[in-house]
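Just so you know, all these numbers are worked out from the coordinates, no wet-lab data involved. No experiment lies behind these values; they were computed from the predicted model shown. For neighbour counting, all protein chains shown are included, and Cβ atoms are generated from backbone atoms with ideal geometry for every residue, glycine included.
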Amino acid sequence: MLLEEIKKRKSVRSYSEEKISDKTLNEILEAGRLAPSWVNVQPWKFIVIRDEKTKELLFKASGEQKQVLGANVIIACVADMEAWEKKNFGAVLEKSGKNQMVQDYILNSPTLNPSLLGNVEMLTRTIE
Ligand SMILES: Cc1cc2nc3c(=O)[nH]c(=O)nc-3n(C[C@H](O)[C@H](O)[C@H](O)COP(=O)(O)O)c2cc1C
């Protein structure tokens, strides 16, 4: 039962030495890519990190969480603020099939278009 699986779920912070295959990595990326987002804007980018120097920078940025150094591969999911730029967000709305009046309403509404609310609010909406 799904609830039983959810009860067994836990955060894992130490890892085996086994290298993750490209096939498995691609499946994980594909699962992330398919996550739902508002009007399917997909305001994210996934960055695959294997480079030790970059891991060291992330370790510091994370408040020195040791699991960052212990991971063989890290997938950083970062907010894509450019997704809300008029040319990008407008194209997504156009593709969604909404009529022009609704598209214009969304683009010009601070409640629905985070880019009208400044960087901090836009970031919050993008990562939530
Ligand atoms: C928004 C959010 C941020 C989190 N940030 C961290 C983090 O920076 N480092 C970490 O080790 N765990 C982080 N966690 C995991 C939680 O600490 C963890 O889910 C919680 O302690 C419950 O433990 P469990 O996942 O094993 O059930 C985060 C969880 C959430 C939902």
Could you grab me the full set of residues in the stretch 75-122 that are outside any helix (DSSP H, G or I), within 17 Å of the chain's Cα centre (by Cα) and of a type in the set (Val, Ile, Thr)?
-> Ile75, Val78
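Scan Pro36, Pro43 and give me the residue that is in contact with a strand residue (DSSP E or B) (Cβ under 7 Å, 6 or more places away or on another chain) and closer than 30 Å to Leu112 by Cα.
Numbers: Pro36 fails: in contact with a strand residue (DSSP E or B) (Cβ under 7 Å, 6 or more places away or on another chain).
Result of the check over Pro36, Pro43: Pro43.
Name the single residue, out of those in the stretch 27-46 being among the aliphatic types (A, V, I, L, M) and surrounded by fewer than 11 Cβ atoms within 10 Å (Cβ to Cβ), that is nearest to Asn72 (Cα to Cα). Show your work before the answer.
Taking the stretch 27-46 as the starting set, the residues that turn out to be among the aliphatic types (A, V, I, L, M) are 28-29, 31, 34-35, 39, 41.
Remaining after also requiring surrounded by fewer than 11 Cβ atoms within 10 Å (Cβ to Cβ): 31, 34-35.
Values: Ala31: 19, Leu34: 24, Ala35: 24 Å.
It comes out as Ala31.
Considering every residue within the stretch 4-26, establish whether at least one is within 30 Å of Gly118 (Cα to Cα), surrounded by 11 or more Cβ atoms within 10 Å (Cβ to Cβ) and out of contact with any Pro (no Cβ under 8 Å at 6 or more places or on another chain). First the steps, then the outcome.
Applying the first criterion (within 30 Å of Gly118 (Cα to Cα)) to the stretch 4-26 yields none.
Looking for residues that are within 30 Å of Gly118 (Cα to Cα), surrounded by 11 or more Cβ atoms within 10 Å (Cβ to Cβ) and out of contact with any Pro (no Cβ under 8 Å at 6 or more places or on another chain), one finds none in the stretch 4-26, hence no.
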Among the residues listed as Lys98, Lys53, the single one being among the basic types (Lys, Arg) and farther than 30 Å from Glu27 by Cβ | Lys98
Which one is surrounded by the fewest Cβ atoms within 10 Å (Cβ to Cβ) among residues in the stretch 92-128 that are within 19 Å of Ser37 (Cα to Cα) and small (Gly, Ala, Ser)?
-> Gly97
